[in-house]
Amino acid sequence: MTGQPPPLRAVLFDLGGTLFEPLPRELTERNLLAAVEAAGQPAPDAQALRSYHELRAEIETAYAAQSFFLHRDLVIDCFTQFAAHLGWSDERAAESFFVAQRATVTTQLRLRDGVVELLGRLRDAGLVCAIVSNIDDDYLLPLLARSGLEPLLAWALSSESARSCKPDPEIYRQALQRIGFAPAEVLFVGDSLANDVLGPARLGMGTCWLTERASQSEVELPDDCLVVRRLDTLDGLLGLTVS
């Protein structure tokens, strides 16, 4: 921790990788294999599957330079470029992969341990909690309905609804308008340094980086940025300070 946070009135959370665990690679690879098999193509070997994840990382970096995109387009683009890497193309297979991947995310993504209890403690301390996520609504709404988080949240803002993707500043501006508090009264919590720390900090919000790997000495963090290894310890780190 580089300093004490200001008195808080609200906490904004990222969704995937923060409130929810990252999706295991093997589930994505299962959907890849099914889509490739349905297209009548040879099953990719382990090296080819590794190439998918490498391609996805490159594509995600390119998409991150855009102020707005749909997650649907990203997923289909990843499959399309993967198929091209293998020497074939099939639009129906790409669509089939997207549908399967969306179903997997909305039904299999797991809440991090202690999330429900944490949100309850923050609410009981008088803090308003909400979600700001780079996600399409047809992912977000089923996830919220299945997770049981809705009663603990004031609202959830998707990048599709905002027509802006983190770290584009517009999505943070819309979040601040919704929450109705000054930026210094809001803490943004997430696992992405660019999206959940640097982006919100530029608008004056407090930030908390959820990371299991990097140390503060390895990156330059905004002043007063908190670092937490386990999300369910957040309220202890904050001391449940209420303005």
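Conditions first: (1) free of Cβ contacts under 8 Å to residues at least 60 places away in the same chain; (2) small (G, A, S); (3) within 30 Å of V227 (Cα to Cα); (4) open to solvent by less than 20 Å² (accessible area, probe 1.4 Å). A65 passes all but one, so which condition is the exception?
Here A65 clears every test but (4).
Would you check which residues across segment 106-121 are open to solvent by 20 Å² or more (accessible area, probe 1.4 Å) and either out of contact with any Pro (no Cβ under 9 Å at 6 or more places or on another chain) or in a loop (DSSP other than H, G, I, E, B) (or both) and list them?
Those that are open to solvent by 20 Å² or more (accessible area, probe 1.4 Å) and either out of contact with any Pro (no Cβ under 9 Å at 6 or more places or on another chain) or in a loop (DSSP other than H, G, I, E, B) (or both): R110, L111, R112, D113, G114, V116, E117, R121.
If S67 satisfies every condition in (1) touching a Lys or Arg at 6+ places or on another chain (Cβ under 9 Å); (2) of a type outside the set (A, V, I, L, M, F, W, C); (3) not in a loop (DSSP other than H, G, I, E, B) but one, which is the exception?
Here S67 clears every test but (3).
Against the conditions (1) without any contact (Cβ under 8 Å) to a residue 40 or more places away in the chain; (2) farther than 20 Å from L109 by Cα, where does E29 fall short? Just the number, please.
(2)
If a residue must be open to solvent by less than 30 Å² (accessible area, probe 1.4 Å) and either touching an Asp or Glu at 6+ places or on another chain (Cβ under 9 Å) or modelled with pLDDT under 95 (or both), how many such residues does segment 16-29 contain? Show your work before the answer.
Filtering segment 16-29 down to residues open to solvent by less than 30 Å² (accessible area, probe 1.4 Å) leaves 17-20, 28.
If we keep only those that are either touching an Asp or Glu at 6+ places or on another chain (Cβ under 9 Å) or modelled with pLDDT under 95 (or both) as well, we get 17-18.
The number of residues fulfilling the criteria is 2.
Just a yes or no: is a residue in segment 13-20 touching a Cys at 6+ places or on another chain (Cβ under 8 Å), closer than 25 Å to V186 by Cβ and either in contact (Cβ under 8 Å) with a residue 24 or more places away in the chain or of a type in the set (S, T, N, Q) (or both)? Outline the logic, then answer.
Pass one, segment 13-20, residues touching a Cys at 6+ places or on another chain (Cβ under 8 Å): 13.
Narrowing further to those that are closer than 25 Å to V186 by Cβ: 13.
From what is left, the residues that are either in contact (Cβ under 8 Å) with a residue 24 or more places away in the chain or of a type in the set (S, T, N, Q) (or both) are 13.
Looking through segment 13-20, at least one residue is touching a Cys at 6+ places or on another chain (Cβ under 8 Å), closer than 25 Å to V186 by Cβ and either in contact (Cβ under 8 Å) with a residue 24 or more places away in the chain or of a type in the set (S, T, N, Q) (or both).
Filter segment 122-132 down to the residues that are surrounded by fewer than 18 Cβ atoms within 10 Å (Cβ to Cβ) and in a helix (DSSP H, G or I) and list them by number.
The answer is R123, D124.
Open to solvent by 30 Å² or more (accessible area, probe 1.4 Å), modelled with pLDDT of 95 or more and on the phi > 0 side of the Ramachandran plot, is that true of R163?
So R163 passes the test.
Step by step: first the residues of segment 30-45, then only those that are open to solvent by less than 60 Å² (accessible area, probe 1.4 Å) and among the small types (G, A, S), then the one that is farthest from A84 (Cα to Cα). Which residue is that?
Only one residue tops the list, namely A34.
Search segment 71-103 for residues being free of Cβ contacts under 8 Å to residues at least 12 places away in the same chain and not aliphatic (A, V, I, L, M), and hand back the single one that is surrounded by the fewest Cβ atoms within 10 Å (Cβ to Cβ).
Looking at the filtered set, the residue picked out is G87.
All but one of (1) in contact with a His (Cβ under 9 Å, 6 or more places away or on another chain); (2) not in a loop (DSSP other than H, G, I, E, B) hold for I135; state the number of the condition that does not hold.
(2)
The values are calculated or read from the model by the stated rules, or taken from the named source; none is laboratory data. Values in this document were obtained by computation on a predicted structure and should not be read as measured data. Quick reminder, even Gly has a Cβ in these numbers, built from the backbone with ideal geometry, and neighbours come from all protein chains shown. All accessible areas refer to the heavy atoms of the entire protein, side chains included, with ligands and DNA or RNA removed. Shrake-Rupley method; radii C 1.70, N 1.55, O 1.52, S 1.80 Å.
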